[in-house]
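Heads up: the structure comes next, in structure tokens.
The values are calculated or read from the model by the stated rules, or taken from the named source; none is laboratory data. All figures in this text were calculated on a predicted structure; none of them were measured in a lab. Here the Cβ positions follow ideal geometry from the backbone for every residue, glycine too, while neighbour counts run over all protein chains shown.
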Amino acid sequence: MSNSQPKLGRGKKLCIHCNEINGVRSFECNKCGQAFKMKKGPKGIRKKRIEDFKSLNKGDWIKVVGGSGPYHIDSEGERTYLVERGKYKVEHTDSEGIHAYGDSGYNYLYMGKSCPSPLLDSIVRSPCKILLLKNMPASRKERLKSRRT
């Protein structure tokens with residue numbers, strides 16, 4: 001290693017494009033997004049954090065991360081989140097959120113700035129943390145439905 005490259009500790013690897021230190025199990029660089037050469041490919045569905053929710057299209061699959069989104073604060077200060085975590089299929093977006101279908105049916109995923117709810121003082125409108133799911137396999141139910149039509 002030359003003097004210009006940072007020293008790597010155990011469990012680290014270096015991106016050859018931007019010299020960023022990443023975790024040993026990373027499949028792509030955290031800074032530049034360049035894919036690392038790996039012996040084995042990633043397991044499961046690839047996920048990418050969504051910065052601009054308005055870029056989503058109808059039919060895109062997203063995942064809502066638990067512990068995010070609007071919540072209710074009870075008398076003891078406990079938070080109860082109003083949006084279930086899990087996978088959702090995007091129907092469309094508007095100026096403040098995403099209209100989507102999940103396992104529990106239709107949901108509105110708020111993506112605006114955190115603020116108190118105009119309806120109740122005990123509810124806080126907070127944006128959902130969402131990940132874009134790539135190569136989302138169709139569920140068995142959807143495959144059967146598409147064969148019938």
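Filtered by the rule that a residue be farther than 17 Å from Leu132 by Cα and surrounded by 10 or more Cβ atoms within 10 Å (Cβ to Cβ), the range 90-102 gives Asp94, Glu96. Selection of first residues in the range 116-130 that are modelled with pLDDT of 90 or more and of second residues that are among the β-branched types (Val, Ile, Thr) and not in a strand (DSSP E or B), restricted to Cβ pairs under 6 Å at least 6 apart or on distinct chains, gives the following pairs, ordered by first then second residue: Cys128/Val83; Lys129/Val65; Ile130/Ile50.
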